[in-house]
């Protein structure tokens with residue numbers, strides 16, 4: 001395993017852009033297993049709720065167990081990735097979240113499942129910061145939002161795979177063991193790729209005294225965190241509640257719903273590439289990177305308004321089309337939002353900076369999941385869709401104010 005920058009000399013003296021994209025593609029598989037692990041719970045939600053006699057509010061609290069640890073571990077895990085370097089950091093993270101996935105499958109009561117989800121949340125919080133860091137290491141600035149879209153391909157593979165895996169397997173525990181096996185199998189593949197493909201920019205472990213404190217004191221980071229909270233409500237809704245929405249609204253079984261639920265992640269992947277293309281095109285025309293990302297979030301915020309049409313759908317098919325459009329636009333904006341920290345602070349601080357956005361997203365999910373459950377129990381999904389459809393505009397306004405001061409890199 002490569003653990004420090006001095007070993008970079010053993011790598012080839014040059015690597016083509018195609019080779020670097022190969023590294024990005026292999027890393028996207030880690031993102032796939034990361035999301036497969038977490039979405040097994042939502043895909044199997046009705047079965048778990050039946051076994052443990054949970055209502056929607058109870059299920060929201062179960063989601064919050066993962067979100068709570070994911071949220072509060074993310075700053076430490078992001079700092080860990082910057083401190084030890086990508087090579088060692090991501091290998092440890094994948095190994096531990098794969099172990100946690102196996103523990104989820106082993107559980108036999110609700111509290112054991114809660115504990116396993118807490119452990120899973122701690123180490124899966126490394127996934128998004130590591131993906132941002134790998135984009136900074138392997139890609140030129142103009143390609144980084146497209147690199148984030150490649151990460152979204154991995155996330156979508158996990159999102160699509162979870163309901164299909166649950167649909168074809170008996171019970172809800174076995175899919176977790178599949179997740180664990182895939183994670184452990186990925187580790188030696190990544191070690192081989194990382195050793196052979198030289199990155200666009202070598203990024204040594206960050207051990208500068210006081211760097212973490214200075215970064216956390218930068219006002220721009222707070223702006224990005226609040227913007228992320230405003231932006232990701234739609235993503236939280238469809239990531240965790242799509243199966244339950246279909247089962248409760250249209251009387252489908254969990255297995256029948258699984259044949260619809262894989263569609264929105266495909267739309268999410270397409271949205272990621274469209275979002276990356278929007279900012280890349282603007283950069284090629286001379287727009288500064290941060291301003292190009294912010295412009296992409298405005299276009300996406302307008303598209304997110306389609307979310308309010310979901311409860312008006314008369315059939316599962318129409319519901320899937322509306323949910324897919326909603327997922328498309330929220331992801332088109334998020335790939336730009338999550339690339340802004342790399343534009344501002346570069347690869348050396350990418351783990352810590354992006355982990356702050358992960359913290360904000362986890363905080364949102366921790367708070368909003370029980371709220372969504374309670375609203376669904378009492379009023380259905382209509383107020384929930386309005387609740388998450390409008391805040392992306394406020395997020396864009398915050399990012400716009402940030403972009404005016406974000407161009408100089410500290």
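Of note:
- If you run the Gaussian network model on the chain, springs between alpha carbon atoms under 10 Å, then out of 383, 265, 289 the most flexible one is 383.
- Counted residue by residue at 0.36 nm each, then reduced by the alpha carbon distance between them, the extension gain from residue 378 to residue 55 reaches 115.1 nm.
- Label-reachable residues, region 116-144, where backbone N falls under 17 Å from a point 7 Å from residue 281's Cα toward its Cβ: 142-144
- Potential lengthening between residue 302 and residue 213 on full extension [0.36 nm per residue; Cα-Cα distance subtracted]: 28.4 nm
- Gaussian network model of the chain, springs between alpha carbon atoms under 10 Å - residue of 200, 138, 338 with greatest fluctuation: 200
- Taking a ≥ b ≥ c as the square roots of the eigenvalues of the alpha-carbon gyration tensor, region 213-295 is classed oblate because a/c is 1.5 or more while a/b is no larger than b/c.
- Region 274-382: C-alpha gyration tensor shape, a/c 1.5 cut-off, then a/b vs b/c: oblate
- Gyration tensor (alpha-carbon) shape descriptor, region 130-253, a/c threshold 1.5: oblate
- Relative contact order of the chain, pairs being alpha-carbon contacts under 8 Å that are 6 or more residues apart, as %: 28 percent
- Sorting 87, 202, 124, 51 from the fewest to the most surrounding beta carbons within 10 angstrom yields 202, 51, 87, 124.
- Per-residue Cβ neighbour counts within 10 Å put 117, 214 in the sequence 214, 117, beginning with the fewest.
- Span from the region 128-164 Cα centroid across to the region 279-303 one, whole angstrom: 18 Å
- Max mean-square fluctuation residue, GNM over the chain, Cα-Cα springs under 10 Å, options 43, 131, 18: 18
- Order of 326, 258, 313 - criterion: other Cβ atoms within 10 Å of each residue's Cβ, fewest first: 313, 258, 326
Values quoted throughout were computed directly from the atomic coordinates according to the rules given, and no laboratory measurement underlies them. Because the structure is predicted, anything quoted here is derived from the model rather than measured. So basically every Cβ, Gly included, is an ideal-geometry build from the backbone, and we count neighbours across all protein chains shown.
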